Each structure stands twice: as structure tokens, then as C-alpha cells.
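Peer 1: The structure that follows is given in the form of C-alpha cells.
The values are calculated or read from the model by the stated rules, or taken from the named source; none is laboratory data. Fair warning: this is a prediction, and the values are worked out from it, not measured in the lab. Please note: Cβ atoms are built from the backbone with ideal geometry, for glycine as well, and neighbour counts cover all protein chains shown.
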Amino acid sequence: MHDIETILIIDDDATFLATYRNLLGQEGYRTETATSVGEALAKLERSSFSVVILDQKLQGPMGTDSGLDLIVDIRQRAPNAKIIIATGYAAPRAIERAFEAGVYDYLEKNDIFDTLLRVKVRHIFALAREQRLSMLDVEGREAALHARWQEALAETDRNRKGKLLEDVMVLLFRSVPGWHTEANVTNEIEEIDVVIRNESPDPIWKKETPFLIAECKHWSKPVGVTELRSFLWKLHHHYGRCHLGFFVSTQGFTGPFHETVNGERAGNAVVIAMDGSDLERLIQSQDRNAMLKELYQRAAIGKGKAS
């Protein structure tokens, strides 16, 4: 399950190109840009793209809808890419023409452009991930998990490191019978890295709440108490339907983090803190369910060591 996750942005406006690179880079995606039809076609011939964001007008605000003329060429060269038309000059006929030509979505450059861009691109990749996962057998999922973990360890871009770690956790939690995972769940007040719908038949997990959540930090330093407080807030604000959470930090945790976790034991929330060594052992484990239960015991009781 290797995501290309590279986005081609075709726009002649330097300001918007910078906006795209910044916003999508923060989301962990790779981007390439083209400012003309010729440059776009050349890049489509050389590389594969999952998403193409195409400006409706490629010759300035007074130009024709030349971007729409490019849709057929894009679909020929990148038949699996999802095309999003972006424009500051939306008109009914142009919108109809774009969808008739086979675009996936339409995006207007307005006050909520940044938010819509993030949501639409996340949605595309979430659907693609789910389709790939549904096609994997156990052997394929395990191969994808190990490959994704090695990618995460080797990656140098901090935003993409975080995204790769989320992918690792999605694959890992899916290997537990009865756990169904979804990444990047966003609502009006928060964003959750991984949500686990808990339908496990295991007696331990069956007693837990219907939903579990995970926070993923692939930082270059240990995670501190500020991030923990934010995570605890998420656990406490889901109508009592989410008491158990996994906090994954490849570089470990500060002393105050552990002190605060211990101080929370009087409440309903249980935070399973997993550092890089825990995660490595979990990925390599032949019985992840058993190891997760040992980590659960360590968090809830304070005894035992996962191995």
C-alpha cells in the first residue's frame, strides 16, 4: 500500500502557488507546480500524480478558461488522478463544462479557500487509502505496515514524518481483530489523528468504550505535558464514549508528561503512552493484541512490561 500522495498544481499565479505549497506541505503531501500548459504536460509525462489542482484560467484574470482545455490531456496522461478545478471566476457554464469533462471537484478561491482545500484533498486521499486497505490480505497489510514504518524512519520532512506515522498506526491497529481505523478525523472543534471503532470480541477490549483514539507525534524531541493536556481534553469530551487513548511519540516523553499521566489515574481516561521502542516491538510482534494488552496494563495498573 504505497501512497504516491504527490499533487500537481497548475496555476499561473505565484501567490496561489505559494499558498498551495504551504498548506499542502503542512498536511504532509508532496507538491510539484507548473505555470503553463506546456510545463504541466511535460510533468504529467514524466511523473505520476494522485491529485491535480488546475486553475480555470492560466493566462491571468482576463484570459480565457484555458485551464479547462487541459482536462482531457490530464485525464489521458494521468487517468487515476483526481482533478480539482480552482478558480476565482466561477460561472455556471464553466462549472458544468468542467464536470462534463470529468473533473472530481470544484474549488472557488474565496474566504474559506484554505479550509476547503485541506478538506477536499484529505477526503480524496482518505478514500484512496480505504480502497487500498480493503484490497489487502493479511500478508499484504503486514508488508505495507513494515514498508511504511521504514519510510517514516527515513523521512526528513517533519510534516510528512507525522503523516507516515499516522499511516503506520492505521495499519497496525487494523491488525487487531475487531478494530476499525480511520485517520485525520476532523470536526468543528478538533482534529484526531486516528479513530478506532472498537468492536473487538476480546474480553479486555470489549469492556472499553465504543471508540478509542490515537495521537501521533514523530518529532525530533520528547513530547511534553502541553500536548498531553490537549489529548486528555479530547478523551474527556466525547459524551463518555471514548476513555482509552494511545499517545505515540517516537522520541518518548518528558518527565512532566509521565507525572501528569499518573495524576490522571483517578479519572476514567486511560492514556497508553508508546515511545519508539514500544512501537518497534509492537510492529515486530507476532501477537500484537497480547502486547497491546500488556501496554494497557502498564498504563492502567503501572505494572508489567510489554515485550
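Peer 1: Before we move on, is ARG158 closer than 22 Å to THR31 by Cα, of a type outside the set (Gly, Ala, Ser), surrounded by fewer than 15 Cβ atoms within 10 Å (Cβ to Cβ) and not assigned by TED's automatic domain parsing to the domain that holds ILE53?
Peer 2: Numbers: closer than 22 Å to THR31 by Cα: yes; of a type outside the set (Gly, Ala, Ser): yes; surrounded by fewer than 15 Cβ atoms within 10 Å (Cβ to Cβ): yes; not assigned by TED's automatic domain parsing to the domain that holds ILE53: yes.
Yes: the conditions hold for ARG158.
Peer 1: Being exposed (fewer than 15 other Cβ atoms within 10 Å of the Cβ), without any contact (Cβ under 8 Å) to a residue 40 or more places away in the chain and over 16 Å from SER230 (Cα atoms) is the filter here; which residues of segment 162-195 pass it?
Peer 2: Those that are exposed (fewer than 15 other Cβ atoms within 10 Å of the Cβ), without any contact (Cβ under 8 Å) to a residue 40 or more places away in the chain and over 16 Å from SER230 (Cα atoms): GLY178, HIS180.
Peer 1: Select from segment 52-76 the residues that are under 24 Å from VAL119 (Cβ atoms), in contact with a Phe, Trp or Tyr (Cβ under 8 Å, 6 or more places away or on another chain) and either crowded, with 22+ Cβ neighbours inside 10 Å or not basic (Lys, Arg) (or both) and list them in ascending order.
Peer 2: ILE53, ASP55, GLN56
Peer 1: Report yes if GLU227 is outside the structural domain of GLU27 (by TED's automatic domain parsing), exposed (fewer than 15 other Cβ atoms within 10 Å of the Cβ) and of a type in the set (Asp, Glu), otherwise no.
Peer 2: Criteria not met by GLU227.
Peer 1: Just the residues that are within 15 Å of VAL271 (Cα to Cα), of a type in the set (S, T, N, Q) and outside any helix (DSSP H, G or I), please, taken from segment 210-249.
Peer 2: SER249, the sole residue that qualifies.
Peer 1: Right, something else. Considering each of TYR29, TYR89 in turn, give the residue that is surrounded by fewer than 16 Cβ atoms within 10 Å (Cβ to Cβ) and either in contact (Cβ under 8 Å) with a residue 60 or more places away in the chain or more than 27 Å from the chain's Cα centre (by Cα) (or both).
Peer 2: On the way: TYR29 fails: surrounded by fewer than 16 Cβ atoms within 10 Å (Cβ to Cβ).
Answer to the check: TYR89.
Peer 1: All but one of (1) out of contact with any Leu (no Cβ under 7 Å at 6 or more places or on another chain); (2) in contact (Cβ under 8 Å) with a residue 24 or more places away in the chain; (3) more than 23 Å from VAL138 (Cβ to Cβ) hold for SER277; which doesn't?
Peer 2: Against the list (1) out of contact with any Leu (no Cβ under 7 Å at 6 or more places or on another chain); (2) in contact (Cβ under 8 Å) with a residue 24 or more places away in the chain; (3) more than 23 Å from VAL138 (Cβ to Cβ), SER277 comes up short only on (2).
Peer 1: Looking at this structure, is ASP105 without any contact (Cβ under 8 Å) to a residue 24 or more places away in the chain and either surrounded by fewer than 14 Cβ atoms within 10 Å (Cβ to Cβ) or not assigned by TED's automatic domain parsing to the domain that holds ILE53 (or both)? Reasoning before the result, please.
Peer 2: Details: without any contact (Cβ under 8 Å) to a residue 24 or more places away in the chain: yes; either surrounded by fewer than 14 Cβ atoms within 10 Å (Cβ to Cβ) or not assigned by TED's automatic domain parsing to the domain that holds ILE53 (or both): no.
Taking the combined requirement at face value, the residue does not satisfy it.
Peer 1: Here's something else I'd like to know. Kindly state which helices (runs of 4 or more DSSP H) lie completely within segment 1-116 and contain at least 3 residues that are modelled with pLDDT of 90 or more and among the polar types (S, T, N, Q). Let's see the steps before the verdict.
Peer 2: Details: elements: 14-26, 37-46, 71-77, 92-101.
So the answer is 14-26.
Peer 1: For HIS218, are the conditions met, namely being surrounded by fewer than 21 Cβ atoms within 10 Å (Cβ to Cβ) and either not assigned by TED's automatic domain parsing to the domain that holds ASP193 or not small (Gly, Ala, Ser) (or both)? First the steps, then the outcome.
Peer 2: Numbers: surrounded by fewer than 21 Cβ atoms within 10 Å (Cβ to Cβ): no; either not assigned by TED's automatic domain parsing to the domain that holds ASP193 or not small (Gly, Ala, Ser) (or both): yes.
No: the conditions fail for HIS218.
Peer 1: In addition: Being touching a residue at least 12 places away in the same chain (Cβ under 8 Å) and under 30 Å from LEU23 (Cβ atoms) narrows it down to one of ASN198, ASN159, so name that one.
Peer 2: Details: ASN198 fails: under 30 Å from LEU23 (Cβ atoms).
Just one listed residue meets the conditions, ASN159.
Peer 1: Given the condition touching a helix residue (DSSP H, G or I) at 6+ places or on another chain (Cβ under 8 Å), assigned by TED's automatic domain parsing to the domain that holds GLU199 and at pLDDT below 95, answer yes or no: does some residue in segment 276-294 qualify?
Peer 2: Checked segment 276-294: no residue is touching a helix residue (DSSP H, G or I) at 6+ places or on another chain (Cβ under 8 Å), assigned by TED's automatic domain parsing to the domain that holds GLU199 and at pLDDT below 95.
Peer 1: Going through THR254, THR250, THR260 one at a time, which residue ends up being of a type in the set (Val, Ile, Thr) and buried (at least 19 other Cβ atoms within 10 Å of the Cβ)? Give the steps one after another, and end with the answer.
Peer 2: Working: THR254 fails: buried (at least 19 other Cβ atoms within 10 Å of the Cβ); THR260 fails: buried (at least 19 other Cβ atoms within 10 Å of the Cβ).
After ruling out the rest, the residue left standing is THR250.
Peer 1: Restricting attention to segment 1-54, which residues are more than 30 Å from ASP137 (Cβ to Cβ) and charged (D, E, K, R)? Before the answer, list the steps.
Peer 2: Filtering segment 1-54 down to residues more than 30 Å from ASP137 (Cβ to Cβ) leaves 8-26, 31-46, 52-54.
Result: ASP11, ASP12, ASP13, ARG21, GLU32, GLU39, LYS43, GLU45, ARG46.
Peer 1: Additional query: Residues in segment 132-150: is at least one surrounded by 14 or more Cβ atoms within 10 Å (Cβ to Cβ) and within 24 Å of VAL271 (Cα to Cα)?
Peer 2: The answer is yes; a qualifying residue exists.
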